[in-house]
Each structure stands twice: as structure tokens, then as C-alpha cells.
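Q: A single structure is presented below for examination.
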Amino acid sequence: QVQLVESGGGLVQAGGSLRLSCAASGRTFSSYAMGWFRQAPGKEREFVATITANSGATYYADSVKGRFTISRDSAKNTVYLQMITLKPEDTAVYYCAATHRNPTSSSSTYPYWGQGTQVTVSS
């Protein structure tokens, strides 16, 4: 089992940048595929990005492709989401998730979740 704690959220103006971090507990972090999801008020949770356990291959939602970058540092048991050129529609609570399965864009693939961090982008 793994425990996840997100940080790095905040208030930023449109066009600005933020880097989210997700710190994972346990000694088997490198065996987990990691994902970022987000949920805006009144909307369903949606896929943002994912990174595989071994090859580090990355996949992105079309809405963030070219603006967001997911990465992982196994030495620090941490996964990051670098966000640039933020838009008001990026406003949401961002969640980190982990799975031993092949990562997908479906939240049901991920049994482990953090508590979320709020990102607010003002226009």
C-alpha cells in the first residue's frame, strides 16, 4: 500500500505557472504507475496525466498537452506536475493517484489517492 500527499497548489494569474508535488510513502514507489486527475466544482473528476512505472512513458489529456509535464523522481519518492500557461479552466482540485496496473485515463484504475490540492487560476 502507498500513501500520497500532494502539495504546491495555490492561486495564480492566467498565463502563470505552478508545480505540484506528490510525495509517496513506502519503499516500492518505483513499482507504481502514477497519475494526476482534477475535479472542478460541479464536474466529474477528469484525467490529466500519467507516467508509467518502468519506462517513464507519459500520457496527457488533450486539454493540457503541451502545457503540463508529469515527471517522477524515484530517489525522492515524488511525482511532479509542472503546469505552465495556466488558464482559468484549469481551476480545480488536483489529485495524485497510484496503481500497480497499467495506467489508463480512468480513475477506476487507481486504488490509491491523495487528499488533493487546490489550484485556482484567475483571469
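The values are calculated or read from the model by the stated rules, or taken from the named source; none is laboratory data. Note that this is a predicted model, so its numbers are computed, not measured. Here the Cβ is made from the backbone with ideal geometry for all residues, glycine too, and neighbour counts use every protein chain on show. SASA here: full protein model, heavy atoms, side chains in, ligands and nucleic acids out. Shrake-Rupley method; radii C 1.70, N 1.55, O 1.52, S 1.80 Å.
Q: Check GLY9, GLY16 and return the single one that is of a type outside the set (Asp, Glu), open to solvent by less than 30 Å² (accessible area, probe 1.4 Å) and in contact (Cβ under 8 Å) with a residue 12 or more places away in the chain.
A: On inspection, the qualifying residue turns out to be GLY16.
Q: Here is a further query. Go through the residues of the stretch 72-95 one by one and say whether even a single one is of a type outside the set (Lys, Arg), more than 17 Å from GLY8 (Cβ to Cβ), in a helix (DSSP H, G or I) and modelled with pLDDT of 95 or more.
A: yes
Q: Related question: For PRO111, indicate whether it is buried (at least 16 other Cβ atoms within 10 Å of the Cβ), under 22 Å from VAL2 (Cα atoms) and of a type outside the set (Gly, Ala, Ser).
A: Here the answer is no, as PRO111 does not meet what is asked.
Q: Only one of (1) among the β-branched types (Val, Ile, Thr); (2) farther than 16 Å from ARG19 by Cα; (3) touching a strand residue (DSSP E or B) at 6+ places or on another chain (Cβ under 7 Å) fails for THR120. Which number is that?
A: Of everything listed in (1) among the β-branched types (Val, Ile, Thr); (2) farther than 16 Å from ARG19 by Cα; (3) touching a strand residue (DSSP E or B) at 6+ places or on another chain (Cβ under 7 Å), THR120 misses just condition (2).
Q: Report yes if some residue within the stretch 36-58 is part of a strand (DSSP E or B), open to solvent by less than 20 Å² (accessible area, probe 1.4 Å) and touching a Cys at 6+ places or on another chain (Cβ under 7 Å); otherwise report no.
A: yes
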